[in-house]
Amino acid sequence: MRFAVVLCIGLFSSNGYAQSHADLFAKVQTIFNNHCVSCHGSDEPTGGMSLVAGVSYKNIVNVPSNENGQLRRIAPNAPTDSYLFRKILQERERWPFAEDPMPLDADKLSTDEINTIKDWINSFPQDVWGAAKNITVADNHSAGEKESFLATQLINLPTTRTLGQKTAEFRILHRFGLINGGGSNTFGAFFGLDNGAFTSINLSLALRNDLDILVRRTGPFKDIEVAVKYVPVKQKPGMPVSLGFYAGFDWLSRKDIGKNRFAPNIQILAGSQLSKDLSILAVPSFTFKSNHNETVVKNGTEYKDTRYTMAVGLGAQYQFKPNAAITGEFIPRLDGYKGIKESQDPRFNTWSLGLLYKIRLHVFQVLISNTQFLHTTQYVAGSSAITENKLFKGGANFHFGFNIIRQFKW
Ligand code: HEC
């Protein structure tokens, strides 16, 4: 009799256990339905992971994550080793994850919902699934690190963000004419939108997690820039900055702009996310042969100008929402060609201010700047020529512009 009772309780409890695992999963599925399947749906689901009822379980339980192969999407009985749980917990500092927190572009799940998922992960019957194997420290480069910037380019300066594997990026950079139309007729020039713009098409490709290659072409100079960005050190616990470099050259295909048509450049990239909202960037920059005009006149004599320009790009990104930020850049030139006196080319230190919005793999940014230049060799050497260094003398003289960035992952 006693044996029968024990057996009964045993059966009941092991049944009850399995039952509660199933019940909990039903609740979890409701959460997926409400917050996740719009993206993680059945046709070509985002991240290769469908969370649709019927297939979600086998898509996540014990399945390695794409973004961090060391962790499984759901590791039975180990919530913080479960990559999916980390993504919804959104505590990057303690439980690192790559890419974006989930659900993307939406409010964090409620504490109840997070707890339901946690309870479910803790409810895997151990006789079937075994005890959890803790991996606690996922020593994966892409897991521990974090990206300090929302985009690979702040406004003109490259950031320490790299594309990450299996990603390509297409960018359109556009700078309208001076808002006063070059004269003083701000309204007549429709804030510069009517006048000659600089338009640039850029294509970048990830060669490795920490290495991108970029090719871009910009009118009206018809110049082509080729560069690599390499960021081997990424900010992570114990490493307060991301460090790398950006190096390449600019080639002027138009012969009438100047004779210095081949101009190499190199920039050191140092970026750091200081707090949840604020990231800063320092970019010591060297561009060689940065004056396109080969000859300049000084004290009445002509001489060959093969000077370089040294400048330090300074930038900041203030995230007032998880996916939106105010961006700013100032690039003081320290040495070399600055475009001013000798060549009668009144250039000034470049500044730009932007408003950036990121949605999934898109970044959209509107901005104002004192330069139309987009290529490294040019914006580092100074603003595009403006007559005065004062914002509002003779009508405001800056440019409106925008950057559109789209990533493709496969
Ligand atoms: C608006 C679209 C969208 C929504 C909604 C969304 N995701 Fe995602 N998810 C993505 C995208 C895009 C990726 C791939 C890269 C990234 O993080 O940007 C992704 C990746 C993931 C990954 C990584 C998969 C892997 O194998 O590494 C997990 C886990 C994840 N999402 C869980 C969730 C969960 C859980 C929800 C709901 C609470 C959710 N997502 C809601 C768009 C979305």
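Some observations on this one:
- Selected residue (criterion: farthest from GLU147 (Cα to Cα)) from residues of the range 276-289 that are more than 23 Å from the chain's Cα centre (by Cα) and not in a strand (DSSP E or B): LYS289
- Within the range 290-337, considering residues that are outside any strand (DSSP E or B) and modelled with pLDDT of 90 or more, the one surrounded by the fewest Cβ atoms within 10 Å (Cβ to Cβ): PRO332
- Pairs, first free of Cβ contacts under 8 Å to residues at least 12 places away in the same chain in the range 28-41, second of a type in the set (A, V, I, L, M) and more than 8 Å from the ligand (Cβ to nearest atom), C-beta under 8 Å, six or more apart: GLY41/VAL52
- Residues of the range 204-262 satisfying the condition of being under 22 Å from the mean Cα position of the chain (by Cα), acidic (Asp, Glu) and assigned to a loop (DSSP other than H, G, I, E, B): ASP210
- Selected residue (only one of GLY47, GLY130, GLY144 is on the phi > 0 side of the Ramachandran plot, modelled with pLDDT under 85 and surrounded by 14 or more Cβ atoms within 10 Å (Cβ to Cβ)): GLY47
- Residues (under 22 Å from THR162 (Cα atoms) and either more than 7 Å from the ligand (Cβ to nearest atom) or surrounded by fewer than 16 Cβ atoms within 10 Å (Cβ to Cβ) (or both)) located in the range 50-70: GLY69, GLN70
For every residue, the table says whether it meets (1) without any contact (Cβ under 8 Å) to a residue 60 or more places away in the chain; (2) closer than 25 Å to ASN349 by Cα.
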site: GLN153; (1), (2): no, yes
site: PHE170; (1), (2): no, no
site: PHE176; (1), (2): no, yes
site: ASN180; (1), (2): no, yes
site: PHE187; (1), (2): yes, no
site: LEU193; (1), (2): no, yes
site: PHE198; (1), (2): no, yes
site: LEU207; (1), (2): yes, no
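- Scanning the range 211-231 turns up one or more residues that are among the hydroxyl-bearing types (Ser, Thr, Tyr) and touching a Leu at 6+ places or on another chain (Cβ under 6 Å).
The values are calculated or read from the model by the stated rules, or taken from the named source; none is laboratory data. Only a predicted model underlies this, so the values are computations on that prediction, with no experimental measurement involved. Ideal geometry is used to build each Cβ from the backbone, glycine not excepted, and the neighbour counts take in all protein chains shown.
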